[in-house]
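Student: What follows is a structure written as structure tokens; I'll ask about it next.
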Amino acid sequence: PHPLPSAIRVRPLTCTETRRGDRRVVHSLGDGTVHVSAARHDVTFGFSAVFDAGASQDAVFEGSGMRQLVELAIDGFSCTVFAFGQTGSGKTYTLMGPLTQSESRPAAPGLLGLMQRSFACLLEQSRSCGSDLALSASYLEIYNEQVRDLLSPGPPCALPLRWSKTCGFYVENQLSVDFDSLEAIADLLLQVLDPPLAGSQRRRTSAHALNRHSSRSHALLTIHIRSRAGGQSITPPILVPQPSACPSKQGTLCFVDLAGSERVKETGSTGELSVEANNINRSLLALGHCISLLAKPRGKRMHIPYRDSKLTRLLARSLGGSGITLMVACISPSSRCLSETLSTLHYASRARRVTTRP
Ligand code: ADP
Ligand code: MG
């Protein structure tokens, strides 16, 4: 069994935080530990990797185990990386880099996130050493306990989440789009972040509006990787079963941008907002619950309640022992975020004790 790798990323203080005089209460001691020191708190947590405010996107990709995760996915494993933390802690930045405000100014290559780096790594692998990889992507969102397909054109509609003996949980009628270049997959992401309106006008979603939405939904981008051993690049005119001597492998690489963890609270609000908050509470708590049950020694484990939320159903395969999961917990160093930061660190420490048997 492998312990679930979990990495912590501490973002820098933002200009606003610096201007209003927030103190830095989180420090990395450089040996895989994070130290939180504030008036009534003085705690140290240990993780597989800790990235401090100065860490580059590349350092996070190389140091978190993300590259190995991509390689395992090519080898046919179900791999998942999930970004967890409160809104504004750097989840989207870590996965995708800074979201630029204007199309004419794409993000600098050095700032690209784990997703783009993984795509580049996949395409590189697919071109080298004659391995022939067929890549496709699907993009789902869980909002208010409804699974929506972000790639399907038109207004979002809910898709049923089903279970079968052979596939486990799966989403019915989910679209998936083939891609074979970095431009194609980057375009796809842009389309989702910035859906074109009728006519050629693109809607400019402000980073702020995007964060407001992303803090209330979970987004799951899955890359399906089919590798045909032997580097066969010509499709036979007639579909013949693959000879068992060169089996094809099917791996997945899933990127999960979780809803803001600050949503897990007792909320006194009413109406639509409270339904929304309750659903987020339910799914993040269900995920935490599954993680803490999985963290128990094998003999003492009870039934794992994956069915408690759509999120845990969709993540069941990667959490439940047949897959490999990397958790990147994002935190702000600011004194104002202290309680959220502590709860994120506790959550991530629990996740660290989960073991899987791919
Ligand atoms: P989340 O997705 O967790 O809500 P974001 O990724 O949107 O948070 O980050 C919030 C803000 O902080 C954004 O303006 C983002 O560009 C900035 N930010 C986050 N992480 C970093 C980092 N490591 N370095 C520089 N800026 C960052
Ligand atoms: Mg975000």
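The values are calculated or read from the model by the stated rules, or taken from the named source; none is laboratory data. On a predicted model such as this, the values are computed, not experimentally measured, just so you know. Positions of Cβ are backbone-derived with ideal geometry, glycine not excepted, and every protein chain shown enters the neighbour counts.
Student: Count, please, the residues in the range 317-342 that happen to be modelled with pLDDT of 90 or more, of a type in the set (Ser, Thr, Tyr) and touching a Ser or Thr at 6+ places or on another chain (Cβ under 9 Å).
Tutor: 3
Student: Counting residues that are within 12 Å of ligand 1 (Cβ to nearest atom), which strands (runs of 3 or more DSSP E) fully inside the range 1-69 reach at least 1?
Tutor: Correct list: 6-10, 49-51.
Student: Looking at Thr33 and the list (1) more than 16 Å from ligand 2 (Cβ to nearest atom); (2) at pLDDT 95 or above, which single condition is not satisfied?
Tutor: The single condition Thr33 does not satisfy is (2).
Student: Ala83 passes all but one of (1) within 23 Å of Cys121 (Cβ to Cβ); (2) small (Gly, Ala, Ser); (3) not in a strand (DSSP E or B); which number fails?
Tutor: (3)
Student: So, of the residues in the range 115-146 that are within 18 Å of Gln57 (Cβ to Cβ) and of a type in the set (S, T, N, Q), which turns out to be modelled with the highest pLDDT?
Tutor: Ser118
Student: Another question about this same structure. If we only count strands (runs of 3 or more DSSP E) wholly inside the range 114-194, which ones have 1 or more residues that are in contact with a His (Cβ under 8 Å, 6 or more places away or on another chain)?
Tutor: Hits in the range 114-194: 132-143.
Student: His218 - would you say it is at pLDDT 60 or above and either closer than 24 Å to Ala329 by Cα or within 16 Å of ligand 1 (Cβ to nearest atom) (or both)?
Tutor: yes
Student: Any residue in the range 63-88 that is charged (D, E, K, R) and at pLDDT 90 or above sitting within a Cβ distance under 7 Å of a residue that is within 16 Å of ligand 1 (Cβ to nearest atom) and part of a helix (DSSP H, G or I)? List the pairs, counting only those 6 or more apart or interchain.
Tutor: Matching pairs, first to second residue: Arg67/Phe61.
Student: Do we have any residue at all in the range 259-266 that's at pLDDT below 75, in contact with an Asp or Glu (Cβ under 7 Å, 6 or more places away or on another chain) and within 16 Å of ligand 1 (Cβ to nearest atom)?
Tutor: no
Student: Quick test for you: out of Thr94, Thr166, Thr80, pick the one residue that is of a type in the set (Val, Ile, Thr) and within 16 Å of ligand 1 (Cβ to nearest atom).
Tutor: Thr94
Student: Is it fair to say Thr92 is within 23 Å of Gly260 (Cα to Cα), away from ligand 2 (no atom under 16 Å from the Cβ), buried (at least 20 other Cβ atoms within 10 Å of the Cβ) and among the hydroxyl-bearing types (Ser, Thr, Tyr)?
Tutor: no
Student: A further question follows. Consider Asn173 carefully, then state whether it is farther than 26 Å from Glu71 by Cα, in contact with a Ser or Thr (Cβ under 9 Å, 6 or more places away or on another chain) and exposed (fewer than 12 other Cβ atoms within 10 Å of the Cβ).
Tutor: Answer is yes for this residue.
Student: List, please: which pairs have Cβ atoms under 9 Å, are six or more places apart or on different chains, and start with a residue in the range 16-36 that is within 22 Å of Ser64 (Cβ to Cβ) and end with one that is in a strand (DSSP E or B) and among the aromatic types (Phe, Trp, Tyr)?
Tutor: Listed pairs, sorted by first residue: Ser28/Phe51; Thr33/Phe45; Val34/Phe45; His35/Phe45; Val36/Phe45.
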